[in-house]
Amino acid sequence: MFNIIEYDQPDRNGKFGIYGGRYVPEILVPALRELEELYSEVKKDPKFRVEFQNLQQKYNCRPTPLSYAERLSKHFGTGKIYLKREDLNHTGAHKINNVLGQVLMAQKLGKTRIIAETGAGQHGVAVATACAKFGLKCVVYMGEVDIARQAPNVFRTKLLGAEVVPVVSGSRTLKDATNEAIRDWVTNVKDTHYIIGSVVGPHPYPMIVRDFQSVIGVETKEQIIKEEGRLPDVIVACVGGGSNAMGIFHPFINDEGVRLIGVEAAGLGLASGKHCASLTLGRAGIFQGMMSYLLQDDDGQVSEVHSISAGLDYPGSGPEHSYLKDIDRCEYFSVTDEQALEATSLLARLEGIIPALETAHALAYLNFLMPTTTKDQIVVVNVSGRGDKDLGTIVEYLRDLST
Ligand SMILES: *Cc1c(COP(=O)(O)O)cnc(C)c1O
């Protein structure tokens, strides 16, 4: 059985075991060091904490509720299911938790220009939102393919006053947008802060994003103890880069009785090769500034990946997840596009909540998990976001099914 008295990661070099680190061009090292130093200061600064908490409560919607899902629990007839409602955050997903923290830090660094990359557009919208609120110039890099399939979020981002730069290199999706953002940062690092949207990239990003997202797990712990008088037996979250999962998992890592389950996108099926299950089928490699599990071919070329949900469509995942997998503290499974779509309509019909397609992956895993639970057990699912942005994709799929 897993037994760590005190979990304290990453180490001083920004490593989680062999993962993480800082594999970047020399020119970015001073900016990363500066960010790391500032972070170690603000982390201890009660004034920063109050500022961050005020923003979370009065601009975002925190604390988000932990809701007992009565009809969904009855549907399975075994354990009790609770939903952590990150879909109720301002802008519709957990992404803004991290963005608000990083924008406050950018201001302290005296940076006046913010850049970001986005796939589904949720991170782009969150960054544009925070930049509007604080009067910062904002540039969002987005692949041409994603711009076409996520038009409403592109429009939202522009309406919020940000510039959206189409990326036409490579597969014209998230990983290419990230490369372009890094290129911009190298050129403009003096006045520009790069807000990474998940627990990925070079140190200190995976640690900072995790800590800002940990508000999810901290609240969950308080709320479940108030509601049930004890900790849950299992926590389930979807994993793209891994930030909503790390956010809810992290405060529970030392609670060895709590199972922590991450669910990846199996796309068209693991055997099809069209998926993004990097923790399930990948192997260690260096990508976008970090060492982590990565989907790659025999020559180390990063694989083309697929998921119905643009927010999971990424060939790697965060270094801390790689570490937690290797030490057997977290478990990782995957579900297909089709299973995620079924789970979307199940939650909609039973609980009146339309989840994001990313979130639906975590919900779909309940089909496998719940039959193994007993009536007195408690399961928490992190509802990372709401499904409004996915309606176009869902409608198209259902139309294909009926013809
Ligand atoms: C971006 C996104 C994800 C995936 O990102 P993580 O960093 O793995 O959390 C999951 N759910 C929603 C709603 C998203 O917008």
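The values are calculated or read from the model by the stated rules, or taken from the named source; none is laboratory data. The structure displayed is predicted, hence computed values, not measured ones. Cβ: placed from backbone, ideal geometry, glycine included. Neighbour counts: every protein chain shown. All accessible areas refer to the heavy atoms of the entire protein, side chains included, with ligands and DNA or RNA removed. Shrake-Rupley method; radii C 1.70, N 1.55, O 1.52, S 1.80 Å.
Quick notes on this one:
- The residue of the range 225-251 that is farthest from the ligand (Cβ to nearest atom), among those that are more than 18 Å from residue 322 (Cα to Cα) and in a loop (DSSP other than H, G, I, E, B), is 229.
- Applying a threshold of 9 Å to beta carbon distances and a minimum spacing of six or more residues, or different chains, the list of pairs starting in the range 169-186 at a residue that is acidic (Asp, Glu) and ending at one that is open to solvent by less than 10 Å² (accessible area, probe 1.4 Å) and not in a loop (DSSP other than H, G, I, E, B) reads 176/143; 176/167; 180/143; 180/167; 184/115; 184/139; 184/192; 184/194.
- Residue in the range 366-377 that is within 16 Å of the ligand (Cβ to nearest atom), in a helix (DSSP H, G or I) and either under 30 Å from residue 155 (Cα atoms) or among the hydroxyl-bearing types (Ser, Thr, Tyr) (or both) present: no
- Residue 83 meets each of the listed conditions (1) within 26 Å of residue 51 (Cα to Cα); (2) outside any helix (DSSP H, G or I); (3) over 15 Å from the mean Cα position of the chain (by Cα) apart from (1).
- For the range 221-247, a residue qualifies if it is more than 30 Å from residue 289 (Cβ to Cβ) and of a type outside the set (A, V, I, L, M), and the qualifying residues are 221, 222, 223, 226, 227, 228, 229, 230, 232, 233.
- The residues of the range 92-139 that are of a type in the set (Ser, Thr, Tyr) and either buried (at least 24 other Cβ atoms within 10 Å of the Cβ) or out of contact with any helix residue (DSSP H, G or I) (no Cβ under 9 Å at 6 or more places or on another chain) (or both), listed by number, are 118, 129.
- Some residue of the range 277-288 being within 16 Å of the ligand (Cβ to nearest atom), of a type outside the set (A, V, I, L, M, F, W, C), open to solvent by less than 30 Å² (accessible area, probe 1.4 Å) and modelled with pLDDT of 95 or more: yes
- Restricting attention to the range 320-358, the residues that are closer than 12 Å to residue 265 by Cβ and of a type in the set (Val, Ile, Thr) add up to 2.
- Residue match in the range 326-339 (condition: farther than 30 Å from residue 11 by Cα and within 13 Å of the ligand (Cβ to nearest atom)): no
- Against the conditions (1) within 13 Å of the ligand (Cβ to nearest atom); (2) part of a strand (DSSP E or B), residue 141 satisfies every one except (1).
- Restricting the range 164-187 to residues that are over 17 Å from residue 289 (Cβ atoms) and at pLDDT 95 or above, the residue that is least open to solvent (accessible area, probe 1.4 Å): 167
- Output for the range 293-321, where each listed residue is within 13 Å of the ligand (Cβ to nearest atom) and of a type in the set (S, T, N, Q): 307, 309, 317
- Only one of 257, 262, 300 that is crowded, with 18+ Cβ neighbours inside 10 Å and either at pLDDT below 95 or not β-branched (Val, Ile, Thr) (or both): 262
- Residue within the range 57-70 that is assigned to a helix (DSSP H, G or I), open to solvent by 70 Å² or more (accessible area, probe 1.4 Å) and either under 28 Å from residue 229 (Cα atoms) or within 16 Å of the ligand (Cβ to nearest atom) (or both) present: yes
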